[in-house]
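Data first, discussion second: the structure below is written as structure tokens.
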Amino acid sequence: MSAPRPTVVVLGPSRSALSGVTTHVNLLLGSPLAAEYALAHFQVGSEGRSESALAKLLRLAASPFQLAAEIVRLDAAVVHINSSLNKAYWRDLMYLAVARLLGARVVYQVHGGDLPLAFCRNAFSRRFLKATLAAADAVVVLASKELAAYRAFLPGRNVLALPNGIDCVPFTRYNRVTSRPGAPLKLAYIGRLAREKGLFEAIDALALVRSLGIEARLVVAGGGPEEAALRARVREHALGDAVNFTGPVAGEHKALLLSQSDLLLLPSYAEGLPYALLEGMAAGAVPIATPVGAIPDVMTDGVHGLLVPPRDSDAIAQAVARLASERALLARMSAASRRRVSSAYSIERLASDFAALYSALCADRAPSAAL
């Protein structure tokens, strides 16, 4: 009789919420990792919930005790906390404390936010952050820049970079059609409609491109607080015939949209490792993106796409104009993007990385009797 699989409790938002962390959690839970570990989801955060302020307060008060009950009930070997160095850090402190108190190993995965020194306001907050992060058995980051910053902040601790991965199959099943010279260029954005995503600059850039006589159309797929203001900006530039707001897309609809797009616009001010980048590149949509977070780790400027400075509509316009006039380069970048993601950012690689990490932590764990 085979030994039971060790249990890993994975903390994250509602599995139906629209967020990068939700995508990460869903991919982990559905990955080959589930063959080696019993994966249990524990919902945290407000995403995907409809609740009053009082209900939220009561939930926050009860949540640590609910996690404790789950750890004991499942005899969880590992608690995998998905967090960020922003307000989520303060929420997740209680989960870190509960997991340590009950003897579970802790993976603390950081999905963007500030770097450690930028997050700290003074010497006391630096000591506090260092102590709390050091309480985790492993700190996982997404980008090489983050890896250097966290290793410098936590010398001698177990800090490693495990970039996101995706199921490439839905995004590679469509054949790319070479974009003909002079044909309208098809642009796409997928994600939250928020100011920090650089969408206002993207719309301004589209207006500049069109003023040069270049035919280009943009599909904006997503929802968020800036949708009304973005629609107003489109009207201001008289781009009603060139910009289509579709609302959020998922599954086959998203894969089809990306497979039919020449360019993926991601001019964010800050990022972790956006799934839209991996999905777009897997589908062959060439990214025009900013060099923030893990984006420079994934794409090389001039090979897989073009990097532009944040908040720079002129640079976005110049990148679009260049690829509109160099369709052979666009085709080479499209093929290179597909190879890059399938070789280095697959869900199989992600599952293998986390299986190795969980295995090392479980091997060091004290017996459950220590509870």
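Rounded if a/c is under 1.5, else prolate if a/b beats b/c, else oblate: with a ≥ b ≥ c from the C-alpha gyration tensor eigenvalues square-rooted, which is the stretch 84-221?
Since a/c reaches 1.5 and a/b is larger than b/c, the shape of the stretch 84-221 is classed as prolate.
If amide H atoms are built 1.01 Å from N in the plane of the peptide, which residues on other chains or at least 5 residues away come under 5 Å of the amide H of Ser84?
For Ser84, whose amide H was placed from the backbone, the distant partners under 5 Å are Tyr89, His111.
With +1 on the Cβ of every Lys and Arg and -1 on the Cβ of every Asp and Glu, and nothing else charged, how large is the dipole of the stretch 169-344 about its Cα centre, in debye rounded to the nearest 20?
Computed charge dipole of the stretch 169-344: roughly 520 debye.
Placing +1 at every Lys and Arg Cβ and -1 at every Asp and Glu Cβ, with all other atoms neutral, what dipole size does the chain have around its Cα centre, in debye to the nearest 20?
260
Taking amide H atoms as placed 1.01 Å from N in the peptide plane, list the residues 5 or more away in sequence, or in a different chain, whose amide H sits under 5 Å from that of Val286.
Amide H neighbours of Val286: Leu263, Leu264.
Once R0 is set to 35 Å, what does the formula 1/(1 + (r/R0)^6) return for the Cβ-Cβ distance between Ala123 and Leu54, expressed as a FRET efficiency to the nearest 0.05?
0.40
So if each residue of separation counts as 0.36 nm, and I subtract the Cα-Cα distance between Arg231 and Ala363, what length gain in nm does that give?
Between Arg231 and Ala363, full extension yields an extra 42.1 nm.
Identify, among Pro225, Val169, Ala131, the residue whose Cα sits farthest towards the positive end of the charge dipole of the chain, taking +1 on the Cβ of Lys and Arg and -1 on the Cβ of Asp and Glu, with the dipole about the Cα centre.
Highest projection toward the positive end goes to Ala131.
Relative contact order for the stretch 239-316: what is it in percent, counting Cα pairs under 8 Å that are at least 6 residues apart?
Relative CO of the stretch 239-316 lands at 27 percent.
Starting from the Cα of Phe65, step 7 Å along the direction of its Cβ; do the same at Asn86; then give the gap between the two resulting points in nm.
A separation of 3.1 nm, rounded to one decimal place.
Any idea what Rg and Dmax come out to for the chain if you just take the C-alpha atoms, in Å?
Rg then Dmax for the chain, in Å: 21.8, 72.
Just how many % of Cα pairs in the stretch 207-289 lie over 15 Å apart, if you round to the nearest whole percent?
Counting pairs separated by more than 15 Å, the tail of P(r) holds 63 percent.
So what's the stretch 169-344 giving for Rg/Rh, alpha carbon basis, Kirkwood Rh from the mean inverse pair distance?
Ratio of gyration radius to Kirkwood radius: 0.92.
For the chain, calculate the relative contact order in percent as a whole number, restricting contacts to Cα pairs under 8 Å that are 6 or more residues apart.
Reported as a whole number, the value is 17 percent.
Anything over 25 Å Cα to Cα? Flag those among Lys56/Lys87; Lys87/Lys197; Lys87/Lys145; Lys56/Lys197, in the order listed.
Pairs exceeding 25 Å: Lys56/Lys197.
Just want to confirm a number: the relative contact order over the stretch 93-237, from Cα pairs under 8 angstrom separated by 6+ residues, in percent.
17
What span do the alpha-carbon atoms of the stretch 1-121 cover on each of the three principal axes, reported in whole Å from largest to smallest?
Rounded to whole Å, the extents work out to 52, 30, 29 Å.
In debye to the nearest 20, how big a dipole does the stretch 283-371 give about its Cα centre with +1 on each Lys and Arg Cβ and -1 on each Asp and Glu Cβ?
Computed charge dipole of the stretch 283-371: roughly 280 debye.
Any read-out appearing in this document is the output of simple, stated calculations on the displayed coordinates, not a laboratory observation. Keep in mind that this is a model prediction, so the values were computed, not measured. Quick reminder, even Gly has a Cβ in these numbers, built from the backbone with ideal geometry, and neighbours come from all protein chains shown.
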